[in-house]
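One structure below.
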Amino acid sequence: MRAVVQRVKQAFVTVDEEEIGRTGLGFLILLGVGKGDGPADSAWLAEKIAGLRVFEDDQGKMNRGLMDVGGGALVVSQFTLWADCRKGRRPSFIDAAGPDQAQPLYLDFIRRLEALGVPTAAGRFGAMMHVHLINDGPVTLILESPKP
């Protein structure tokens with residue numbers, strides 16, 4: 001699994017101009033599922049993100065996590081994270097998982113974040129969405145679950 005994690009002051013997502021998910025201070029997580037990903041990838045990534053210490057402490061150092069700052073997360077599915085742009089001008093998505101594999105893992109990831117105590121909102125899997133955010137920093141990280 002791949003995730004782009006952005007530290008935000010706030011973020012929300014709309015579908016057909018209707019807001020369907022929002023977070024205040026915390027993370028906007030763009031989540032992509034690749035072929036061969038499974039529940040172990042979802043578990044690893046949720047624990048890694050829930051424990052990231054990228055919020056400033058009293059000395060201005062990135063030393064505090066989501067739980068320390070009372071933050072939340074907004075998770076948006078993003079199959080395009082698996083785009084291969086090395087050849088030609090049109091991205092290939094051959095490494096992205098199909099919806100039958102990706103949607104259950106997307107939902108599993110959200111459940112795992114919630115189980116770790118992170119208030120979590122979500123986009124709508126497979127929908128055309130508009131994501132609005134106020135990036136904080138900006139701090140943007142790219143994470144990928146380890147492969148055996």
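The values are calculated or read from the model by the stated rules, or taken from the named source; none is laboratory data. Model, not experiment: these values are computed from the prediction. Every residue, glycine among them, receives a Cβ derived from its backbone with ideal geometry; neighbour counts consider all protein chains shown.
Can you confirm whether the stretch 19-26 contains a residue that is buried (at least 16 other Cβ atoms within 10 Å of the Cβ) and under 15 Å from Leu141 (Cβ atoms)?
Scanning the stretch 19-26 turns up at least one residue that is buried (at least 16 other Cβ atoms within 10 Å of the Cβ) and under 15 Å from Leu141 (Cβ atoms).
Does Arg112 satisfy the criteria of being under 13 Å from the mean Cα position of the chain (by Cα) and among the basic types (Lys, Arg)?
yes
Taking the stretch 12-37, which residues are under 16 Å from Ala102 (Cβ atoms), under 16 Å from the mean Cα position of the chain (by Cα) and of a type outside the set (Val, Ile, Thr)?
Listed by number, the residues that qualify are Leu30, Leu31, Gly32, Gly34, Asp37.
To keep it simple, each residue is scored yes or no on (1) modelled with pLDDT under 95; (2) in contact with a Phe, Trp or Tyr (Cβ under 7 Å, 6 or more places away or on another chain).
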| residue | (1), (2) |
| --- | --- |
| Trp44 | no, no |
| Phe55 | no, no |
| Arg64 | no, yes |
| Asp68 | no, yes |
| Gly72 | no, no |
| Ala83 | no, yes |
| Gly88 | yes, no |
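Does the stretch 43-80 hold any residues that are surrounded by 12 or more Cβ atoms within 10 Å (Cβ to Cβ), closer than 17 Å to Asp95 by Cα and among the polar types (S, T, N, Q), and which are they?
Of everything in the stretch 43-80, those that are surrounded by 12 or more Cβ atoms within 10 Å (Cβ to Cβ), closer than 17 Å to Asp95 by Cα and among the polar types (S, T, N, Q) turn out to be Ser77, Gln78.
Which numbered condition trips up Met129, out of (1) surrounded by fewer than 13 Cβ atoms within 10 Å (Cβ to Cβ); (2) in contact (Cβ under 8 Å) with a residue 60 or more places away in the chain; (3) within 27 Å of Arg22 (Cβ to Cβ)?
Every condition holds for Met129 apart from (1).
Does the stretch 1-11 include one or more residues that are over 14 Å from the mean Cα position of the chain (by Cα), surrounded by 13 or more Cβ atoms within 10 Å (Cβ to Cβ) and basic (Lys, Arg)?
Yes: the stretch 1-11 contains one or more residues that are over 14 Å from the mean Cα position of the chain (by Cα), surrounded by 13 or more Cβ atoms within 10 Å (Cβ to Cβ) and basic (Lys, Arg).
What tally of residues in the stretch 57-101 results from selecting those that are within 21 Å of Leu141 (Cβ to Cβ), touching a residue at least 40 places away in the same chain (Cβ under 8 Å) and not in a loop (DSSP other than H, G, I, E, B)?
Final tally of qualifying residues: 15.
Are any of the residues in the stretch 16-39 within 16 Å of Ala115 (Cβ to Cβ), in contact (Cβ under 8 Å) with a residue 40 or more places away in the chain and assigned to a helix (DSSP H, G or I)?
Yes, some residue in the stretch 16-39 is within 16 Å of Ala115 (Cβ to Cβ), in contact (Cβ under 8 Å) with a residue 40 or more places away in the chain and assigned to a helix (DSSP H, G or I).
Ile110 is checked against (1) at pLDDT below 95; (2) within 20 Å of Ala11 (Cα to Cα) and fails just one. What number does that condition carry?
Among (1) at pLDDT below 95; (2) within 20 Å of Ala11 (Cα to Cα), Ile110 violates only (1).
Restricting to the stretch 139-148, give me the number of residues that are assigned to a strand (DSSP E or B) and modelled with pLDDT under 95.
Total meeting the criteria: 0.
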